[in-house]
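The values are calculated or read from the model by the stated rules, or taken from the named source; none is laboratory data. The structure presented is a predicted model; accordingly, all values stated were derived computationally and were not measured. Cβ: placed from backbone, ideal geometry, glycine included. Neighbour counts: every protein chain shown. In case anyone asks, the SASA skips ligands and DNA or RNA and just uses the protein heavy atoms, side chains included. Shrake-Rupley method; radii C 1.70, N 1.55, O 1.52, S 1.80 Å.
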Amino acid sequence: MNHLTGETSPYLAQHADNPVDWHPWGETALSLARTKNRPILLSIGYSACHWCHVMAHESFEHEATASVMNERFVNIKVDREERPDIDRAYQVAHHLLTRQSGGWPLTAFLDPDTLLPFFTGTYFPRTPRHGLPGFVDVLIRISDAWHERTGDIRQQGDKLRAVVQQLDAARAESKLADDALLAAGREQLGKLYDSQGGGFGNAPKFPMPGAVDRLLRHWRRGRASGQPDREALDMVMTTLTKMARGGIFDHLGGGFCRYSTDREWMIPHFEKMLCDNGSLLALYADAMAVAPDALFEGALRDTAGWVMREMQHPDGGYCAALDADSDGGEGRHYVWRRHEVKRLLTEDEYLVVETLYGLDRPANFEGRWHLHRRDSWRSVAERLYLDADDAAELLARARAKLFAHRSERPRPACDDKVLAAWNGLAIHGMVRAALRLGEPAWIDSAARAAAFVREDMVQDGRLMASCTGGTARHPAYLDDYANMLQGVLALLEARWDDANIAFARLLADGLLTLFLDEDAGGFWFTAHDHEQLIHRPKPVLDDALPPGNATAARALAAFGHLTAESRYLDAAHAALAWGRGFAERQPAAHSALLTAIEAATEPGETVILRGPPDEMQPWLDAARDGYQPTRATYAIPYECLAPSYLPRLVTTEVRARVTAHVCRDLVCSAPIKELDKFRAALQSP
């Protein structure tokens, strides 16, 4: 047993029985390293990470390797999902030292006095393999270098510190007008687009929902001016179609995997992350607002079902991730042998599954089949000369049988910690999908998750980042506040609740008081009273999660328009003014920030409906018709609190009917009491 015993993180718990004398990050371990004059071996990973498991099995569970680690280093293990601040700092340092992209596991060797890394890497095999040095050799060389060349190492550390300090203070001048900046982003995304497989780049291929969303909004922007960019819309629909047909999507249980290992989206890295699926739910819902699509609807329904069935904790919050591995190997829960499928299905059911999911082709994953669609469902039914309804019934029966059988297999481990940032993304996605498809049960699920975060993860008025086993820990980061505010605002659009409007204010105020850079504009990733690390970023670059500055700016602007309080709007605009110069350097890599800039220059509408809940639906249908990403609609019963700038109408006559206000640029219309006039007001500029 080591010092990880009793830690709440499922990832740290996985390493509590290692022979390595692991410590959690904290002053105890840092002081021990300084006292013993030993370098720190910092290992950062997460519970669903396949290569983290591989390195653990090869090295951290190996007695001889652990002995070298314990004799020569103070070993610290960090869950990057609980401590994204530490992960961000050392991923940046890794890139500066190696000029290579990072990843997990991240292995960094730190000067115990300065905590600056002097050597970094990712996965190391226990013995030399595939051009990588053996981990024990690395350990011995690093330890010897520390004791023999401490002066040289600290000189390098001084140079690294200077570069990091420049990053912390970086500013970028803005020269382009909004239209030119957005056009530059569109042009770059077009060059990166894979016309053969959809998406961007080659392999490995990530969904990149922020970039796809940017193209969709670019199309809408052009359509509004009479010049729709049909190529941009085609990129969006092709990418979403390829992903929903591909093996990155779980065709039996729902949910998207982290990324595809190939260009065609066929074979995923099998871990499923809550954050990815939250973003994709919102994206597919928006695409369906442009044009209904049976494939997209199926992906939405199956993914929302997976979120509620497998990811919602009994206490209400959403769990973080499902592991890539099960039964001793990656993907084994999901893949099939052909004879196994034949045994479970009737002849007609098998014929449909074989044709649709590629079992009539060579095995595509280690001698087995991972299900994916190579063609449209209509084409498959026509090729088999089946009536559409009969084919759908056969497929439904077959999928149910296969899913039931798969459910009896060893399951991937679930990382059941509740992360505020990821829950915010999932709440937002579940609500957007629910409103598009008319599924109140999905809103119920999102409301339960929001209530859990609001009631169990706020301590003394401060949001916590993570909760496991009923224990909330770690003061929240920028992403936690920003994503939760975005999620709660979406939930308020679906179902007004006084507790949630109060929670939204707590989150918005927290962004301003804890993270705002009042001098330069923008938001720091860590709060002003946070532990000082080697790097304090202000994220604007697209990443696995949308950058906190982009989300914060959009959410604060939306909250400012709802409450008519300029301080939120001022903070949002200051963040965008600070960040846009960085976006100009590489627009396609700042898609989320470009969308926030577009939203700020085109504020759109805030629609407030007041009246009896059972009378509001036709009004809501009118306001939500079509793809309206710049319109927020709130239906507020008269017994609930409304924004203070609206007149408080309390007469019986008024309460018996719906009253609408359409607000643009903090100016609201006179009360609208007739549905036809309301529709006309929505159409007018």
State which residue is surrounded by the most Cβ atoms within 10 Å (Cβ to Cβ) when the search covers only the range 370-419 and only residues that are among the aromatic types (Phe, Trp, Tyr) and assigned to a helix (DSSP H, G or I).
-> Trp377
Before we move on, is Asp168 among the charged types (D, E, K, R), out of contact with any Asp or Glu (no Cβ under 9 Å at 6 or more places or on another chain) and without any contact (Cβ under 8 Å) to a residue 12 or more places away in the chain?
-> no
Is it true that some residue in the range 176-187 is open to solvent by 50 Å² or more (accessible area, probe 1.4 Å), touching an Asp or Glu at 6+ places or on another chain (Cβ under 7 Å) and not basic (Lys, Arg)?
-> yes
Reported set for the range 323-350 where residues are surrounded by 18 or more Cβ atoms within 10 Å (Cβ to Cβ) and of a type outside the set (D, E, K, R) is Ala324, Ser326, Gly331, His333, Tyr334, Val335, Trp336, Val341, Leu345, Tyr350
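Could you tell me whether the range 158-172 includes any residue that is touching a Ser or Thr at 6+ places or on another chain (Cβ under 6 Å) and within 19 Å of Ala583 (Cβ to Cβ)?
Looking for residues that are touching a Ser or Thr at 6+ places or on another chain (Cβ under 6 Å) and within 19 Å of Ala583 (Cβ to Cβ), one finds none in the range 158-172, hence no.
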Report yes if Ala203 is outside any helix (DSSP H, G or I), within 29 Å of Thr98 (Cβ to Cβ) and open to solvent by less than 40 Å² (accessible area, probe 1.4 Å), otherwise no.
-> no
Filtering helices (runs of 4 or more DSSP H) wholly in the range 1-114 for at least 1 residues that are over 21 Å from Gly134 (Cβ atoms) gives 10-14, 27-36, 84-98
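Can you tell me how many residues within the range 479-515 are among the polar types (S, T, N, Q) and either free of Cβ contacts under 8 Å to residues at least 24 places away in the same chain or open to solvent by 20 Å² or more (accessible area, probe 1.4 Å) (or both)?
Of the residues in that region, 2 qualify.
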Name, by its number, the condition in (1) assigned to a loop (DSSP other than H, G, I, E, B); (2) in contact (Cβ under 8 Å) with a residue 24 or more places away in the chain that does not hold for Val352.
-> (1)
Out of curiosity, is Leu233 part of a helix (DSSP H, G or I) and either open to solvent by 60 Å² or more (accessible area, probe 1.4 Å) or closer than 22 Å to Asp286 by Cα (or both)?
-> yes
From the set of residues in the range 452-478 that are open to solvent by 10 Å² or more (accessible area, probe 1.4 Å) and in contact with a Gly (Cβ under 8 Å, 6 or more places away or on another chain), which is farthest from Gly278 (Cα to Cα)?
-> Arg462
Test: residue in the range 253-273 that is more than 27 Å from Trp104 (Cα to Cα) and either modelled with pLDDT of 95 or more or in contact with an Asp or Glu (Cβ under 6 Å, 6 or more places away or on another chain) (or both) | no
Could you please find all residues in the range 206-221 being over 14 Å from Asp234 (Cα atoms) and open to solvent by 10 Å² or more (accessible area, probe 1.4 Å)?
-> Phe206, Met208, Pro209, Gly210, Arg221
